[in-house]
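Note sheet for the following structure.
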Amino acid sequence: MSLNKEGDRELVAEFKNGNTKVFDELMSRYSVRLYQTAYGLLSNHHDAEEVVQDTFVRAFRGLKQFRGDSNIETWLQRITINLARNKYHWNRRRGAGVNISLFQASSGLGDSEQEEEIPLPDKTLGPERTVQGAETEKKIAESFEELPESLRETMILRHVHDMPYEEISKILKCKIGTVKSRLARGREMLKKVLKRSGVL
Amino acid sequence: MKLNENNLKQCPTFEEISTYFDGINEVPGIDLHIEECAACRKTLQDIAELDAAIKARANIPQEDIPQLTARIKDGFYRKNELEPAKYGMPFPRVVLHLAAALAICSAVVYVAVQGLTDDMRSANIADPAQDAVAASQIDKFPYYTSNGSGVLNSNGSENSVEVENLIPANYGSSEPVMFNGGVQAGAQKINPVIIRPKVDHVWVVKNISKADDTLKRMIKNSGTPLQLRQDGSVITMQGRLNKLELVKLVRACSNAGFELVSPVAPQPEQHYFKGNSGEPVNYQAQFLVNKGSR
Ligand SMILES: [Zn+2]
């Protein structure tokens, strides 16, 4: 599902040749798609941005070792999902609403200067929202909470990105049959929850 | 439900309908069945609604995308500087062989500057690794640096300080200085450069006493409370000034012919910055003569 696989390969090759500035272009290509994954899993805009930033930090450091046998998006999505998973559990342990970059958390580098920058424009991203839209979104987010992690991840990759089963199986490192059954289970559960709350 | 010979004898499972929804037709006759079975049609319809709802939730309005991308990139560049050397770092990278270097303190230490021709200005790189060549790391040593685009090789000397991918300074920028804190929200500038609250620079000068004169004059003209101290062949400049003053100072030093070898923002050619011009910065700079010879 890469936007431009050939172009990606060239970028990666250039990066490996030492032209690290091409990484900026990779970020331009994938920020939004990775953000959608992270937001889908975490239901929090700030957390989602953090996760995507951390994804790129990791990717930057690992890209030289990246072998071209999977496409770059598969690899990036896998990092995002792993980080989102960690973030999710981290948040749960610490109680909701705590936003800490995993990168800082794991490296123990809580730079006090961090907080001074990035005056985030307080503009909430997301669908055009009406009151009703926001209500529906909230219910979907809550329903997702009730799904087991593996189902949630599979659902996001399929519904948000329309990824083929095969790519999902590569990202989540599971069999194609597992993708199929997870989707069925996830959809069935979500359907029930949403029916109960009147969304469907 | 009506049955004909092409139809399934019984309703497909939810999983089969779910897979069918994804465009994979594994059960012969499932399409015909669904067409004629209200219950299965409803199931398919539910999945479609679910799909639409999840997609709507993930949708990002087109007009929000530039800002979102810019914030993600900003965060990346900010975080990427945190642990420079550990992972074999990105942009400017410093490989210090300090243990040996310290042992012979006043001996010559080489700084090999690589990748100087690598023009990073053209990319939207707002804030490459800030910690490379912090003044504190090399101020004790006379060192070699590039003069222009040349690359000095330490010849594998273990007493070396290696600096990779240094950002080349582009002297004589005439772009006006801007801070995004003062720019209207509509302005479509992206990737303002971050100036940290504490900035460390190393400048290479040709003649230390001339540089001293120049710097004194500069400080006097700017009216900024900067202190100068000269220890042998190193001048240290220190003080607190605001971001705009710092940008101007950096440009003035560059115009005076000093060569900035630290990649820390602000660089002479940068002109669009994050935050407000009045925000304070603790500045420290070292001015040294390149004593090396090739
Ligand atoms: Zn049926």
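The values are calculated or read from the model by the stated rules, or taken from the named source; none is laboratory data. Model, not experiment: these values are computed from the prediction. Every residue, glycine as well, gets a Cβ built from its backbone with ideal geometry; the counts of neighbours run over all protein chains shown. Each accessible area value is taken on the protein alone, full model and side chains, heavy atoms only, with ligands, DNA and RNA left out. Shrake-Rupley method; radii C 1.70, N 1.55, O 1.52, S 1.80 Å.
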Q) In square angstrom, rounded to the nearest 10, how much accessible surface does A:Glu142 have for a 1.4 Å probe? A) 90
(Q) Just to be sure I understand the model, the point goes 7 Å from the Cα along the line to the Cβ. What's the resulting A:Glu135 to B:Ser222 distance in nm? (A) 5.9
Q. Could you give the nm distance between label points at A:Arg61 and A:Glu166, where each point is 7 Å from its Cα heading toward the beta carbon?
A. 3.3
(Q) What does the buried accessible surface come to for A and B, summed over both chains, with the probe at 1.4 Å? Round to 100 Å². (A) 5700
Q: Report the calculated FRET efficiency for B:Gln67 and B:Ala256 (r = Cβ-Cβ distance, R0 = 35 Å), to the nearest 0.05.
A: 0.35
Q | Charge dipole magnitude, Cβ of K and R +1, D and E -1 - the stretch A:130-200, Cα centre, debye nearest 20 | A | 340
Q: State the answer as a single residue: which of B:Gln45, B:Gly29, B:Ile17 lies farthest towards the positive end of the charge dipole of the stretch B:14-58, with beta carbon charges of +1 for Lys and Arg and -1 for Asp and Glu, about the Cα centre.
A: B:Gln45
**Q.** Ordering of A:177-184, A:34-41 by packing [mean C-beta count within 10 Å, highest first]
**A.** A:34-41, A:177-184
(Q) Can you sort A:Trp90, B:Trp203 by solvent-accessible area, 1.4 Å probe, largest first? (A) A:Trp90, B:Trp203
(Q) Among B:Pro225, B:Leu288, B:Asn207, whose Cα projects farthest towards the positive end of the dipole of the stretch B:203-294, with charges put on the beta-carbon of Lys, Arg (+1) and Asp, Glu (-1)? (A) B:Asn207
Q.
My understanding is that a pair violates if its Cα-Cα distance is over 20 Å; which of B:Lys9/B:Lys42; A:Lys138/A:Lys170; B:Lys243/B:Lys274 do that in this structure?
A. A:Lys138/A:Lys170
**Q.** Pairwise FRET efficiency - A:Lys5 versus B:Ala52, Cβ, R0 = 22 Å, nearest 0.05
**A.** 0.20
Q | A:Glu146-A:Asn86 pseudo-label distance in nm [points 7 Å out on the Cα-to-Cβ vector] | A | 3.1
